[in-house]
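Asker: Below is the structure I would like to discuss, written out as structure tokens.
The values are calculated or read from the model by the stated rules, or taken from the named source; none is laboratory data. Since we're looking at a predicted model, the values are computed, not measured. Virtual Cβ from ideal backbone geometry, glycine too; neighbours counted across all protein chains shown. Note: accessible area is taken over every heavy atom of the protein model, side chains too, but ligands, DNA and RNA are not part of it. Shrake-Rupley method; radii C 1.70, N 1.55, O 1.52, S 1.80 Å.
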Amino acid sequence: MAVLTAGADLLARHPLNSVQLSDVAKAADVTLEEVANDYPSIRRLAADVLDHERASMRDVQRRAELEHSPVRRIVAAFRLVGENLAADIVVRAGVRIASESREQFPDRRIDPFQTWQSFVRGQLEEELAAGRRLAIGIERGTWLIVASGMGTKDLIAFSGDWDSAPEMLAQTASDILELVVEFA
């Protein structure tokens, strides 16, 4: 796990193509041979990072489903993603790889926007089925919510203030939902 964490720390801060196994060995304070035993390539290390990140995001959606209302599920999911980003360097590295290097993993069909779009759309559809009205169409509302969350994540990454991620993402979801869902 120390090698994965050290590699993830590098991959969270640098593009995938610029990180070498020798960099990971140095960061993990182990020999190159020790790294190569577990990870014969940076791509293999990145694949494990992506596996961890994907499992983490699936867990977020499962945990958010425990909320009773669809609107609360969306806010909870955003907050939980923020908690993962704040606490887990492997998740941060996975998010970066998914956005910057997904073409290097064609077998995975990585599309974070589509994943979150599907989750949010499902919640908004449930709100409509329960009789709640939307101020705008479901597709536009879904797009606004997901794009706002991804933009907030990018701004947090730009500033490096990962500790603010849970609150900032939850607040973004809450603010956007006030514009999209009619609470009357």
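Asker: Estimate the FRET efficiency between Ser174 and Ala55 by the formula 1/(1 + (r/R0)^6), using the beta-carbon distance for r and 25 Å for R0, to the nearest 0.05.
Answerer: Once rounded, the FRET efficiency stands at 0.40.
Asker: In nm, to one decimal, how far is the Arg62 label point from the Ala129 one, both placed 7 Å along Cα→Cβ?
Answerer: Result: 2.2 nm between the two label points.
Asker: Relative contact order of the chain: what whole-number percent is it, with Cα pairs under 8 angstrom and at least 6 residues apart?
Answerer: It rounds to 25 percent for the chain.
Asker: Heavy atoms only, probe 1.4 angstrom, no DNA, RNA or ligands counted: give me Phe183, Phe158, Phe119 ranked by accessible area, highest first.
Answerer: Values: Phe183 105, Phe158 180, Phe119 15 Å².
Greatest to least solvent exposure: Phe158, Phe183, Phe119.
Asker: Which of the helices in the chain, when you take each full DSSP H run, stretch at least 20 Å along the axis at their Cα atoms and have an average Kyte-Doolittle score of 0.5 or higher?
Answerer: Numbers: long enough: 42-64 (33 Å, -0.82); 70-87 (25 Å, 0.68); 112-129 (26 Å, -0.59); 138-159 (31 Å, 0.60); 165-180 (22 Å, 0.64).
Membrane-span-like by this rule: 70-87, 138-159, 165-180.
Asker: I would also like to ask the following. Accessible area per residue, 1.4 Å probe, Å², for the chain: what's the number?
Answerer: On the way: 9840 Å² over 184 residues.
Averaged over the residues of the chain, the accessible area is 53 Å².
Asker: To the nearest 0.05, what FRET efficiency results for Leu155 and Leu32 with a Förster distance of 25 Å applied to their C-beta separation?
Answerer: Details: r = 37 Å, r/R0 = 1.46.
My answer for the efficiency is 0.10.
Asker: Here is a follow-up. Determine, from the Cβ-Cβ distance of Ala2 and Glu182 and an R0 of 41 Å, the FRET efficiency 1/(1 + (r/R0)^6), rounded to the nearest 0.05. Could you put the intermediate results ahead of the total?
Answerer: Numbers: r = 51 Å, r/R0 = 1.24.
That gives a FRET efficiency of 0.20.
Asker: In the P(r) worked out for segment 52-184, what percent of Cα pairs fall beyond 24 Å? Don't skip to the answer; put the middle values down first.
Answerer: Numbers: 2294 of 8778 pairs.
Tail fraction, whole percent: 26.
Asker: Any idea how far apart Arg108 and Arg43 come out in nm if each label point goes 7 Å out from Cα toward Cβ?
Answerer: 1.2
Asker: Separation between the Glu167 and Leu144 pseudo-spin-labels, each 7 Å from Cα along Cα→Cβ, expressed in nm?
Answerer: 2.6
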